[in-house]
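Asker: Here it is, the structure in full.
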Amino acid sequence: MIETAKVHKILYGGDYNPEQWPEETWEEDMRLLSAAHIDVVTLNVFSWASLQSDDDVYHFRKLDKIMDMVKKHGMKVCLATATGAHPAWMARKHPDILRTEFNGMKRKFGSRHNSCPNSPAYRNFAPKLAAKLADRYKDYDNIVAWHISNEFGGMCYCENCERRFREWLKEKYQTIDEVNRAWDTAFWGHTFYDFDDIVVPNMLSEHFAPNRTTFQGISLDYKRFNSDSILDCFRLEYDAVHAVTPDIPITTNLMGAYQELDYQKWAKYMDFISWDNYPSNDTPIEDTALRHDLMRGLKQGKPFALMEQTPSVTNWLPYNSLKRPGVMRLWSYQAVAHGADTVMFFQMKRSIGACEKYHGAVIDHAGHENTRVFREITQLGEELDKIGSLTLGARTHAKAAVVFDWDNWWATDYSAGPSVSLHYYDEVLTYYKAFHSLNIPVDMISVEDDLSDYAFVVAPLLYMVKSGYDEKLRAYVKDGGRFLTTFFSGYVDEHDLVTVGGYPGRLRDILGIWVEEEDALPENESNSFTYRGTSYPASLLCDLLHTEGAEALAFYEKDFYAGMPVLTRNEFGKGCAYYVASHSNAAFYRTFIGEICKEAGIQPTMETPEAVEVTERTNENGTFLFFLNHEDQSHDIILNHAGADILTDMSYKKGNTLTLPAKGVAILRVQ
């Protein structure tokens, strides 16, 4: 949430790039944006080349003009620092700024995300420009946020990064002996004698494919190092603008479930979370919902900003289908339903050249308001004006949580086996879908978050158990919590070193089981088990386990391990822990998760047809129920609350029927 006295409603707007257009067109753009009820524009995202032409030569005339024009038209500004792509002259004059790819190829100037995060030139020029922008525009009272760079990402393997990696390792491990221990370099005679022996892990050294490495510990630490390096770049710019404008909140646009950067660590240094949502037309609604909730969870449930989405069409998919009528509105409200306090787009005006010229925009190439997309944008803008400040700051109060951890994501994907079909994010999504299908709100939490507010915590594929986390789980369950984890959990510590003594390692006493072996099944094979009289598949991985105090709830039915437990429940202190030893189908997860939630006293927000999503947000203005119909047919909902739809002003009594049209939305303010 952009917490400032300057914001009195859900901000509505997005990226405007006037440097791409003749100045005489700007006034007409302002007219059109105002007509669409746009009230905030993100400026200066990719203007570095026009702002700076040499080491100490800056040009602000155009930016001054557009800043004044936007202010004159009563719009607010999310001001970017323009450092998402360095200028051509900088690459020529300071080649250390150029990245080196995973295969060892040194890049030339081009594209974006093209700066080495450990380049002395980049670390000098980027915060310097940010400071100049802050000083120049510090007195503009319509700036509601700073937008650092743009969609930070990518990895670099150059000599600057290699040198800095060694320094990072010295800071973390202190001695080369500790590095050798943490990475188990006795294997294959990999012992390092000096920090200078260490090289970056890529196709020139440890890797034989992007996610296939001979030394997981080295590659895992490089993931951490790269995330930290890019975070350092964000912090340099953050500090530069914060020193001049301490009262303006600062963010950068994240990318949801983006694997390369540990957003849970990044969130500690961001004033508020913002992110860019670009699902395809066939992306499961639960996948998008998970990403919204993941972003909401980065700040312990505080609202976030939807910084970008397309008004109509993307440009990078194999098939760039249009958003059908109503979908832009529906997906915008889905973001708000899961915690967004802004609805913003890329882009305000469609470019005429390069790779995004066919990406959707509020103002199309036609250049006027007589388009379907413009009419839909205007309708939504009118509705957001009507909603005003009613939902600002509203939060979701969940009693269930799903653990998401970037280190586990990296380590699982780097793991030497057991299956190429094993994917951390997919397993997390599998469990999230079960909660979503039941309309049970969940928080996406990190391993650092407190568990005491939750009645039920699920940690799928908790492969890596970091120091102290087992103690946190142990205390949580003993105190009455319900905990569930799955196959391939508890295997390693934070260095990816196996915890010996039997899987699931430090979780063994909590779960009351011992896993002896694991069987990786090819995609076309499966085992099976019966639970509550229904047969379900057991696929992907099948743990062969023995109970050590746990109760077996279901058993494998095939192969030599037929009769061994596949589901277990272990009473531990005042609580209990569940183990799911194989991958199954959506019907099983819905049943099993639903049962545990019922035991834990966790109730669905409402019962609705399968395609109708319902969420709840609460603030000082009351409780708001968001109903989202994702199907192309209408649905009737029997309401369990009285209230009024803040979009239509229609009042309902408890037990009344709410009819949601195809792709329809209703927001019920509960009475």
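Asker: If Lys and Arg each add +1 and Asp and Glu each add -1, what is the summed charge of the other residues whose beta carbon sits under 11 Å from the beta carbon of Asp15?
Answerer: Net local charge, Asp15 excluded: -2.
Asker: Amide H neighbours of Ile10 under 5 Å, at least 5 residues apart or on other chains, H built in the peptide plane: list them.
Answerer: It is Gly388, by chain and number.
Asker: In addition: Please calculate the 1.4 Å probe accessible area of Ser528, with all protein chains present, and give it to the nearest 10 Å².
Answerer: Using a 1.4 Å probe on the heavy atoms, I get roughly 20 Å².
Asker: Could you sort Asp96, Asp407, Asp509, Asp196 by their accessible area in this structure, using a 1.4 Å probe and putting the largest first?
Answerer: The ordering from most to least exposed comes out as Asp196, Asp509, Asp96, Asp407.
Asker: A further question on this structure: When all protein chains stay in place, what accessible area (Å², nearest 10, 1.4 Å probe) is found for Val500?
Answerer: It works out to around 130 Å².
Asker: Can you run phi through the Karplus equation (6.51, -1.76, 1.60; θ = phi - 60°) for the range 453-464 and list ³J(HN,Hα) in whole Hz, with x for Gly and Pro?
Answerer: Whole-Hz 3J(HN,Hα) from phi for the range 453-464: 7, 10, 8, 8, 10, 10, 10, x, 6, 7, 4, 9.
Asker: Taking all pairs of different Cα atoms in the range 1-71, averaging 1/r and flipping that mean, what Kirkwood radius in angstroms comes out?
Answerer: 13.7 Å
Asker: Moving to a separate point now. How large, in Å, is the chain by the Kirkwood hydrodynamic radius built from its alpha-carbon pairs?
Answerer: Radius from the Kirkwood sum: 26.7 Å.
Asker: Let me ask you something else. On a 24 Å Cα-Cα criterion, which of the cross-link pairs Lys76/Lys138; Lys399/Lys433; Lys62/Lys106 come out too long?
Answerer: Lys62/Lys106
Asker: Considering only protein heavy atoms and a probe of 1.4 Å, how much of the accessible area of the range 309-368 is carbon and sulfur, as a whole percent?
Answerer: About 60 percent, which is the carbon plus sulfur part of the accessible surface.
Asker: OK, next. Would you calculate the volume per residue, in Å³, of the smallest convex hull containing every Cα atom of the range 132-257?
Answerer: 133 Å³
Asker: Pairs to check: Lys478/Lys598; Lys223/Lys598; Lys265/Lys472; Lys170/Lys466. Give those whose C-alpha atoms are more than 30 Å from each other in this structure.
Answerer: Lys223/Lys598
Asker: Kirkwood Rh and Cα-based Rg: tell me the resulting Rg over Rh for the range 512-626, rounded to two decimals.
Answerer: Taking Rh as the inverse mean 1/r over Cα pairs, Rg/Rh reads 1.09.
Asker: So, one more: How would you rank 339-349, 642-652, 604-614, 28-38, highest first, on the average number of other Cβ atoms within 10 Å across their residues?
Answerer: 339-349, 28-38, 604-614, 642-652
Asker: Here is a follow-up. At most 16 other Cβ atoms within 10 Å and a DSSP loop assignment: could you name the trypsin sites (Lys or Arg not before Pro) in the range 489-552 that fit?
Answerer: Here the trypsin sites (Lys or Arg not before Pro) that fit, given the DSSP loop and packing criteria, are Arg532.
Asker: Taking amide H positions as placed 1.01 Å from N in the peptide plane, with prolines and chain starts having none, which residues 5 or more places from Asn17, or on another chain, fall under 5 Å of its amide H?
Answerer: So Asn17 has HN proximity to Met348, Lys349.
Asker: Output ³J(HN,Hα) for the range 421-429: one whole-Hz value per residue in order, computed from phi by the Karplus curve 6.51 cos²θ - 1.76 cosθ + 1.60 with θ = phi - 60°, and x for Gly and Pro.
Answerer: Here the 3J(HN,Hα) series is 8, 7, 9, 4, 4, 4, 5, 4, 4 Hz.
Asker: Restricting attention to the alpha-carbon atoms of the range 359-482, what are Rg (one decimal) and Dmax (integer), both in Å?
Answerer: My reading of the Cα-based Rg and Dmax gives 21.4, 64 Å.
Asker: Given the protein chains as shown and a 1.4 Å probe, how many square angstrom of Tyr463 are accessible, to the nearest 10?
Answerer: Its heavy atoms expose roughly 20 Å² to the probe.
Asker: Next question. Report the Stokes-Einstein translational diffusion coefficient (µm² s⁻¹, integer) for the range 197-264, Rh taken as the Kirkwood radius over Cα pairs, at 20 °C with viscosity 1.002 mPa s.
Answerer: For the chosen part, D equals 150 µm²/s.
Asker: Still on this structure, please answer the following. At 0.36 nm per residue, and after removing the present C-alpha to C-alpha distance, how many nm does the segment from Asp64 to Glu551 gain when stretched out fully?
Answerer: Extra length available between Asp64 and Glu551 comes to 168.4 nm.
Asker: Right, something else. Can you give the local net charge around Phe572? Use residues other than it whose beta-carbon is closer than 9 angstrom to its beta-carbon, Lys and Arg +1, Asp and Glu -1.
Answerer: It works out to a net charge of +1.
Asker: Do the sum for the chain: with -39,500 (n - 2.57) for every DSSP H run of n ≥ 4, divided by all residues, what is the mean residue ellipticity at 222 nm, to the nearest 500 deg cm²/dmol?
Answerer: -9000 deg cm²/dmol
Asker: For Trp316, Trp409, give me the order by solvent-accessible area with a 1.4 Å probe, most accessible first, ignoring ligands, DNA and RNA.
Answerer: From most exposed to least exposed: Trp316, Trp409.
Asker: Under the Karplus relation 6.51 cos²θ - 1.76 cosθ + 1.60, θ = phi - 60°, what is the ordered set of whole-Hz ³J(HN,Hα) values for the range 566-571, x standing for Gly and Pro?
Answerer: Values, residue by residue: 10, 10, 9, 9, 10, 6 Hz.
Asker: Could you grab the relative contact order for the chain? Cα pairs under 8 Å, six or more apart, rounded to a whole percent.
Answerer: Reported as a whole number, the value is 11 percent.
Asker: State in Å² the accessible area per residue of the range 141-188; use a 1.4 Å probe, count heavy atoms of protein chains only, and round to the nearest integer.
Answerer: Value returned for the range 141-188: 43 Å² of accessible area per residue.
Asker: Given Cα pairs under 8 Å that are at least 6 residues apart, what percent is the relative contact order of the range 379-488?
Answerer: Once normalised by length, the contact order is 33 percent.
Asker: Thr499's amide H: which non-local residues (gap 5+, or another chain) put their own amide H closer than 5 Å, with H modeled 1.01 Å from N in plane and none for Pro or chain starts?
Answerer: Counting only residues 5 or more places away or on other chains, the set is Val492, Asp493.
Asker: Which peptide among 427-437, 446-456, 109-119 comes first, and what is the full order, when sorted by highest mean count of other Cβ atoms within 10 Å?
Answerer: Going by the mean number of other Cβ atoms within 10 Å, highest first, we get 427-437, 109-119, 446-456.
Asker: Quick one: dipole size for the chain, taken about the Cα centre, charges +1 on Lys/Arg Cβ and -1 on Asp/Glu Cβ, in debye to the nearest 20.
Answerer: Dipole magnitude for the chain comes out near 1520 debye.
Asker: Right, another one. Can you give me the relative contact order of the range 1-111 as a percent, contacts being Cα pairs under 8 Å and 6 or more apart?
Answerer: Relative contact order here is 25 percent.
The values are calculated or read from the model by the stated rules, or taken from the named source; none is laboratory data. These figures come from a predicted structure and were not determined experimentally. Positions of Cβ are generated from backbone atoms using ideal geometry, with glycine treated the same way; all protein chains shown enter the neighbour counts. Accessible surface areas use protein heavy atoms only, side chains included; no ligands, DNA or RNA. Shrake-Rupley method; radii C 1.70, N 1.55, O 1.52, S 1.80 Å.
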